[in-house]
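Input: a single structure, listed below in structure tokens.
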Amino acid sequence: MLRLLDETMRVAYGDLCFMRRNAASVLVSSMVAPILYLVAFGYGMRSGSSEGGVDYIAFVVPGIIAISSMTAGFSSTSQKILIQRLFHSSFDELILCPVGISSIVFGKSVVGMVRGLLGSAIMLSLGLMLTDDIHLTPWLILCIMLSCFAFSMMGVMAGLLANNSQTLAMISNLVLLPMTFMCGTLFSTDSFPGPVSAAIGALPLTHSSEVLRSVALGWDFPWASLGVVAAYCAAFFLADYRLIKKGRY
Amino acid sequence: MEEHIISAEHLTKRYGDLLAVDDLSIGVRKGEIFGFLGPNGAGKTTTIRMLTTMTPPTSGTVSIAGHDSVREYREARGSIGVIQQHNSLDKDISVRENIVHHALMQNMKRSEIRKRVEELCGAMGLEDRMDSLVEDLSGGWKKRVSIVCSMMHRPPVLFMDEPTTGLDTQSRNALWALIKKLNGEGATIFLTTHYISEAEALCDRIGIINKGRMIALGTSDELRGRIGVVTVERQNADGTTDNAYFGGRAEAKAHMQGLPEDANVSIRRTSLEDVFLELTGRKL
Ligand SMILES: Nc1ncnc2c1ncn2[C@@H]1O[C@H](COP(=O)(O)OP(=O)(O)OP(=O)(O)O)[C@@H](O)[C@H]1O
Ligand SMILES: [Mg+2]
């Protein structure tokens, strides 16, 4: 366990150096999207109304945190890996080193975790300032980390599989963007017709948003959704592990 | 049986219909400098990638320092250093960050890394560029950084895929000296090159690969013996040459006697280049 952690940080060193070099732009870009969502949805569209029995701001902030964990976790890992694989060939160097495959998978997800947590932290601080309904608890932080982890693992997979940046852009548009709006993050999906609801019920963001909202607002603990998010983490991790093991990158 | 520090049995790599490496077996002895020669596309890089655990073979096995490259990949990777043919540094971070990252990945300690960086960067003249972004370096400088990276953890086995391609004369000499020094300290070195003189100057044994198959293997003298150590070279009027190879001077002289008086012929020791061209085909 300690060895895994140690190796993970060794793998992540290069990416962390990159982030430190570009700290300012990392910080700014982590802030822009969440704040836009908050302004557009929280104030522009629904100000004053309520959703799910709470003030809309309290409803939407956990959803935006889930979105940030998804976009930041996914895009920072997938893009970094794609560039390192195809343009720098430096991904090969990782493979050449005496570290376990799990450490490589975890290490490559660290950028996504850091950026996801950064975006989430910014959003959470805003949320705490704007409403009293959101409760900061250790559980909430754990759940945010889990969500960032799930989407970072997904980003690692996309980064390993994609063979050009067009593919990544396509995944962003065809998978992430619909999830952003359809997964109950910004508004309740209760009014959707049955089949659509069922499809949405299978998507990871639906559950990560559900978990974060329930925990943040002190609703009943969403064990089922937590299980689904954890299952996505495990599935993406296994896929990443296999891809590297089989030399499919 | 002889102990081999690098040993490959029946290595085969297929890319779709293309047989990039075809049933290749190699044994490299501990402490030797092994040269791998072959025309473009012969399968040198593919072989190195399989020997270094980067590409899983379609079939066949590799063992490095006694560790199976698939089952014990971690141990196998810990005992090798690799300079890849194409630059494989992270261009978004600095020279120092690349080197430190590499050393960390090899489980080195910070204090140890600091000392080793000074030592190697001194040898490759990199001191003034440590904080440049790799992106901003010229090709030869990047190569030098890769060389330093591969040697940081003092690997007992070093693979170098065309390490001197693109280097200026000074760095090439420095690298040759470094290779000899490391080898003197006990490192085994597996290198590919397109410079036949380099293979001849550095390598204890040379393997020649063509179209994925190992077609000759031995010391440079043994390879000369394969085609004949004496060459009679005849210059034709149209600028082409015809070579004939003989096991000894007497036979060669006899052959010359049989040629027309006015033929433009010379007799010389067979070069490794003759061997290479003879075995891999003179034409593209
Ligand atoms: N990833 C790959 N996918 C498909 N074909 C490949 C791949 N890598 C190599 N090949 C093919 O395998 C053959 C051997 O290539 P390899 O790079 O091993 O040659 P090489 O001897 O290193 O050549 P060079 O001297 O040009 O470096 C070539 O025909 C090449 O096109
Ligand atoms: Mg090559």
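Values quoted throughout were computed directly from the atomic coordinates according to the rules given, and no laboratory measurement underlies them. All values reported here derive from a predicted model rather than from experimental measurement. Cβ coordinates were reconstructed from backbone atoms using ideal geometry, including for glycine residues, and neighbour counts include every protein chain displayed.
Return the residues of region B:1-27 that are away from ligand 2 (no atom under 16 Å from the Cβ), without any contact (Cβ under 8 Å) to a residue 24 or more places away in the chain and under 16 Å from B:Gly41 (Cα atoms); say none if nothing qualifies. Those that are away from ligand 2 (no atom under 16 Å from the Cβ), without any contact (Cβ under 8 Å) to a residue 24 or more places away in the chain and under 16 Å from B:Gly41 (Cα atoms): B:Gly16, B:Asp17.
Any residue that is surrounded by fewer than 21 Cβ atoms within 10 Å (Cβ to Cβ) and away from ligand 1 (no atom under 11 Å from the Cβ) - is there at least one of those in region B:32-49? Looking for residues that are surrounded by fewer than 21 Cβ atoms within 10 Å (Cβ to Cβ) and away from ligand 1 (no atom under 11 Å from the Cβ), one finds at least one in region B:32-49, hence yes. Just so you know, in region B:92-115 the residues that are more than 7 Å from chain A (Cβ to nearest Cβ) and charged (D, E, K, R) include one that is nearest to A:Ser103 (Cα to Cα), and it is B:Lys109.
Checked against the criterion of being within 23 Å of B:Arg49 (Cα to Cα) and of a type in the set (D, E, K, R), the candidates B:Asp161, B:Asp136, B:Asp131, B:Asp168 yield just one match: B:Asp161. Applying the criterion of being assigned to a strand (DSSP E or B) and β-branched (Val, Ile, Thr) to the residues of region B:21-47, the residue that is nearest to B:Gly207 (Cα to Cα) is B:Ile26. The conditions of being under 30 Å from B:Val100 (Cβ atoms) and assigned to a helix (DSSP H, G or I) are not met by A:Leu36. All conditions but one from (1) touching a Gly at 6+ places or on another chain (Cβ under 8 Å); (2) part of a helix (DSSP H, G or I) apply to B:Ala201; the one that does not is (1). Set side by side, the residues B:Ile208, B:Ile227, B:Ile189 differ, and just one is within 16 Å of ligand 1 (Cβ to nearest atom) and aliphatic (A, V, I, L, M), which is B:Ile208. If you go through region B:57-77 one residue at a time, do you hit one that is within 16 Å of ligand 1 (Cβ to nearest atom), in a loop (DSSP other than H, G, I, E, B), buried (at least 22 other Cβ atoms within 10 Å of the Cβ) and away from chain A (no Cβ under 14 Å)? No, every residue in region B:57-77 fails to be within 16 Å of ligand 1 (Cβ to nearest atom), in a loop (DSSP other than H, G, I, E, B), buried (at least 22 other Cβ atoms within 10 Å of the Cβ) and away from chain A (no Cβ under 14 Å). Within region A:228-249, residues that are within 16 Å of A:Leu212 (Cα to Cα) reach partners that are surrounded by 15 or more Cβ atoms within 10 Å (Cβ to Cβ) and of a type in the set (Val, Ile, Thr) with beta carbons closer than 9 Å, at six or more positions or on different chains, in the pairs A:Val228/A:Thr206; A:Val228/A:Val211; A:Val229/A:Val211.
Every condition in (1) within 22 Å of B:Ile209 (Cβ to Cβ); (2) surrounded by 20 or more Cβ atoms within 10 Å (Cβ to Cβ); (3) within 14 Å of another protein chain (Cβ to nearest Cβ) is met by B:Tyr15 except one, and the failing one is (2).
Residue-by-condition table, conditions (1) under 27 Å from B:Ser25 (Cα atoms); (2) within 15 Å of ligand 1 (Cβ to nearest atom); (3) touching a Ser or Thr at 6+ places or on another chain (Cβ under 9 Å):
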| position | (1), (2), (3) |
| --- | --- |
| B:Glu127 | no, no, no |
| B:Gly140 | no, no, yes |
| B:Met151 | yes, no, no |
| B:Asp161 | yes, yes, yes |
| B:Thr165 | yes, yes, yes |
| B:Leu175 | no, no, yes |
| B:Gly212 | yes, yes, yes |
| B:Ile215 | yes, yes, yes |
